[in-house]
Amino acid sequence: LSTALQVGVCIFVLRSRSYRSLPLFSAYAWLNLISLAFTWWVYLSMGYSSRLSFYMWWIACGVVLLARGLAVCELCQRILRPYRGVWALAWRLLVGVAILLLVFAGLAAYGARGGIRTFLLTAERGLELVAAIVLLLLLVISSYFRIPVPKLEGTLALGLGVWSLLLVANDAALALWPK
């Protein structure tokens with residue numbers, strides 16, 4: 001289901017030509033799909049338990065995580081850019097939250113057994129939660145203050161916000177799963 005959804009988003013990006021107005025979101029959509037295909041190929045060719053496949057998967061996760069964060073920032077920028085004061089505050093808050101997430105993930109990974117794995121899992125959980133909150137608040141605030149949200153950006157913000165909430169729920173469920 002996830003793969004079909006990712007393919008559908010990439011087709012939507014091509015058909016709507018959103019790669020012109022939202023290049024970072026488009027890059028994220030394609031990187032997400034390419035990462036899936038790359039990971040599948042690595043596991044088939046090198047095996048699931050090889051050390052190289054472990055590192056390749058985590059590198060791919062890091063790249064997709066960075067792209068997702070940039071896509072969220074791009075959506076916020078596209079909606080809030082006409083409002084200079086609001087955008088000036090918003091981008092500073094986004095940068096501040098990004099720095100806090102990196103520091104928190106670094107502290108969680110410091111001395112932990114899983115090093116890079118702990119860092120990326122902590123960063124992913126934090127980014128997904130922040131992305132969901134930021135995007136959904138962006139839509140609520142835009143509605144409250146009657147800030148016009150273009151249909152494409154609104155749809156993508158809602159979809160990415162819901163997707164982030166689902167990933168947070170998935171991570172929470174996996175954290176409770178007995179090891």
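The values are calculated or read from the model by the stated rules, or taken from the named source; none is laboratory data. As the structure is a computational prediction, the values presented were derived from the model and not from experiment. A quick note on method: Cβ atoms are made from the backbone with ideal geometry, for glycine too, and the neighbour counts reach across all protein chains shown. When the accessible area is computed, the model is the full protein with side chains, heavy atoms only, and any ligands, DNA or RNA have been set aside. Shrake-Rupley method; radii C 1.70, N 1.55, O 1.52, S 1.80 Å.
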TODO: Might you let me know whether segment 60-71 holds any residue that is in a helix (DSSP H, G or I), over 18 Å from L160 (Cβ atoms), in contact (Cβ under 8 Å) with a residue 24 or more places away in the chain and of a type outside the set (K, R)?
DONE: yes
TODO: Identify, from the list Y48, Y19, the residue that is open to solvent by 80 Å² or more (accessible area, probe 1.4 Å), farther than 30 Å from I133 by Cα and either charged (D, E, K, R) or at pLDDT below 90 (or both).
DONE: Y48
Open item on the list: Residues to consider are F38, F54, F25; find the one that is surrounded by 18 or more Cβ atoms within 10 Å (Cβ to Cβ), hydrophobic (A, V, I, L, M, F, W, C) and at negative phi.
Closed with: F25
- [ ] Determine which member of the set L165, L156, L138, L102 is in contact (Cβ under 8 Å) with a residue 24 or more places away in the chain, open to solvent by 70 Å² or more (accessible area, probe 1.4 Å) and in a helix (DSSP H, G or I).
- [x] L165
